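See structure below.
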Amino acid sequence: MAERADAARNRRAILRVTEELLHTEGPDQLTLDRVAAAAGVGKGTVFRRFGSRTGLFQELLADRAARIRAGVEAGPAPLGPGAPPDERLFGFLDELAHLAARNVALIAAHEQACAADKHLDPTYRRWHAHLVDLVGRLRPTADADFVAHTLLGAFDAELVRHVLADGGLTRLRRAVRDLAESLVTAPR
């Protein structure tokens, strides 16, 4: 079912305001009341659409990751299904590094809000499943589940902030690629 035009407009406004408030005031000051007021919608609209701060952060992360998802599902190399698994792995990790660098405040808020069930978050599960598939194809004897969690752990918000402050995106991309290569190609 297609989203109504006013609902889509409200969703975009709510997500935009949430991102702005995360950057200017941080996650601790962000309430659904403040988001609703800043977006020019009723509090009930925010609650019905997102349910909670956790739901709001999950939706914002999914929205920011939509381009990566589209690339993984049907895009060209290096993300798309036609590329070799090693190219897909490194392309995917590069995209996650770019996403993390641009959205570190969101990732920190998401981690805090989803701390109790981080591994159940739909976006995390999608990323994890993709990595499990790639790692399994590249190194069938590896514990692909664990390797996937380890690779995703490299995008912890505080770690990303630290690495970005001392080397920027180039260092983050290189470090994550090096980690992936050592985990996937290391002899048993």
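In the range 67-76, which residues are assigned to a helix (DSSP H, G or I) and crowded, with 16+ Cβ neighbours inside 10 Å?
Residues satisfying the conditions are ILE68, ARG69, GLY71, VAL72.
Of all residues in the range 140-150, which are more than 23 Å from the chain's Cα centre (by Cα) and farther than 8 Å from LEU183 by Cβ?
Selection gives PRO140, THR141.
Which one is surrounded by the fewest Cβ atoms within 10 Å (Cβ to Cβ) among residues in the range 24-36 that are more than 24 Å from PRO122 (Cβ to Cβ) and in contact (Cβ under 8 Å) with a residue 12 or more places away in the chain?
The extreme case among them is GLY26.
Cβ-Cβ below 6 Å, separation at least six or inter-chain, first residue in the range 164-178 and without any contact (Cβ under 8 Å) to a residue 12 or more places away in the chain, second surrounded by 13 or more Cβ atoms within 10 Å (Cβ to Cβ): which pairs?
Close Cβ pairs satisfying both conditions: ARG171/VAL163.
Please tell me if ARG64 is more than 20 Å from ARG125 (Cα to Cα), crowded, with 16+ Cβ neighbours inside 10 Å and of a type in the set (D, E, K, R).
No.
Would you confirm, using the coordinates I've provided, whether LEU79 is crowded, with 16+ Cβ neighbours inside 10 Å and under 30 Å from VAL132 (Cα atoms)?
yes
If you go through the range 78-92 one residue at a time, do you hit one that is in contact (Cβ under 8 Å) with a residue 24 or more places away in the chain and of a type in the set (Gly, Ala, Ser)?
no
Which condition breaks for ALA39 when tested against (1) under 23 Å from ARG102 (Cα atoms); (2) surrounded by 14 or more Cβ atoms within 10 Å (Cβ to Cβ); (3) without any contact (Cβ under 8 Å) to a residue 12 or more places away in the chain?
Evaluating ALA39 over (1) under 23 Å from ARG102 (Cα atoms); (2) surrounded by 14 or more Cβ atoms within 10 Å (Cβ to Cβ); (3) without any contact (Cβ under 8 Å) to a residue 12 or more places away in the chain leaves (3) as the failure.
Can you tell which of LEU93, LEU56, LEU99, LEU21 is in contact with a Phe, Trp or Tyr (Cβ under 6 Å, 6 or more places away or on another chain), among the aliphatic types (A, V, I, L, M) and surrounded by 13 or more Cβ atoms within 10 Å (Cβ to Cβ)?
After ruling out the rest, the residue left standing is LEU56.
If you scan the range 81-110, which residues turn out to be outside any helix (DSSP H, G or I) and either within 23 Å of SER182 (Cα to Cα) or out of contact with any helix residue (DSSP H, G or I) (no Cβ under 6 Å at 6 or more places or on another chain) (or both)?
Once the filter is applied, which keeps residues that are outside any helix (DSSP H, G or I) and either within 23 Å of SER182 (Cα to Cα) or out of contact with any helix residue (DSSP H, G or I) (no Cβ under 6 Å at 6 or more places or on another chain) (or both), the range 81-110 yields PRO81, GLY82, ALA83, PRO84.
Which ones in the range 35-59 are outside any helix (DSSP H, G or I) and not small (Gly, Ala, Ser)?
Hit for the range 35-59 is VAL41, nothing else.
FYI, it's all coordinate maths here, none of it is from the lab. Small disclaimer: the values here were computed from a predicted structure and weren't measured. Counting neighbours? That spans all protein chains shown, and the Cβs are built from the backbone with ideal geometry, glycine included.
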